[in-house]
Amino acid sequence: MDILRNSIITLLTIISISSVASSTPIDSTWDLLHVVENRDGERFLGMMSESVRTQIESSYQQLRELVATNPGLAETLLRESGTGLTTWDLEWMNADDFVSRMLEGVYLPPLENIISEEASMRGRNADVLFTWHSGYSLSIQFSWEESSWKITGSPVLNQLFQGYSTRRRT
């Protein structure tokens, strides 16, 4: 019985190690593109580094608080986002729902038109560049956290969420 148990533990360890080892920043970028394509806010936030996730959730919470203190400004911010969200919508959403709605405004060319994938790594950090046939490109920065590649930055990420920092506008 101990031999069987030890064999199973060894097999599970090998499977776990190989699945972690096969996850590369390029694999994580593909995962991100599919998450964006599916507008999955929960998985999107799960792919962010702790600091980025906290920043996005904090911006969302500030926006919700702004609805209570200055609904006119909140409505203006939402209108400028182009998402079609209203202050009433925010009352019934959580951060995952909000991010899903924000992802609806992201345009990505068809994934099958990607012609190059490049990754450069420095220790626990990586920069990835995907380029489409049309010339469109997407760069993403990663760091190794919580046993996976987590997103630490991207120009697209900045575009999506920078307008919701109410500290600059109030």
| request: Enumerate the pairs (first residue in the stretch 63-90 and in contact (Cβ under 8 Å) with a residue 24 or more places away in the chain; second residue anywhere and surrounded by fewer than 17 Cβ atoms within 10 Å (Cβ to Cβ) and not in a helix (DSSP H, G or I)) with beta-carbon separation below 8 Å, excluding pairs fewer than 6 apart on the same chain, so at least 6 apart or on different chains. | output: L66/T170; N70/T170; L73/R169; L73/T170; L77/R169; S81/G105
| Every residue from the stretch 20-49 that is crowded, with 16+ Cβ neighbours inside 10 Å, of a type in the set (G, A, S) and more than 11 Å from L103 (Cα to Cα) | S28, S49
| query | Which of the residues spanning the stretch 143-155 are surrounded by 15 or more Cβ atoms within 10 Å (Cβ to Cβ) and either at positive phi or under 11 Å from the mean Cα position of the chain (by Cα) (or both)? | reply | K150, I151, T152, G153, S154
| request: Kindly provide the set of residues from the stretch 90-106 that are at pLDDT 90 or above and surrounded by fewer than 16 Cβ atoms within 10 Å (Cβ to Cβ), ordered by number. | output: N94
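Given the condition modelled with pLDDT of 90 or more and either part of a helix (DSSP H, G or I) or not hydrophobic (A, V, I, L, M, F, W, C) (or both), answer yes or no: does some residue in the stretch 14-24 qualify?
Looking for residues that are modelled with pLDDT of 90 or more and either part of a helix (DSSP H, G or I) or not hydrophobic (A, V, I, L, M, F, W, C) (or both), one finds at least one in the stretch 14-24, hence yes.
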| Mind checking whether some residue in the stretch 115-128 is modelled with pLDDT of 95 or more and farther than 21 Å from W149 by Cα? | yes
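The values are calculated or read from the model by the stated rules, or taken from the named source; none is laboratory data. These numbers were taken from a predicted model, which means no experiment stands behind them. As a convention, Cβ positions derive from the backbone with ideal geometry for all residues, glycine included, and neighbour counts pool all protein chains shown.
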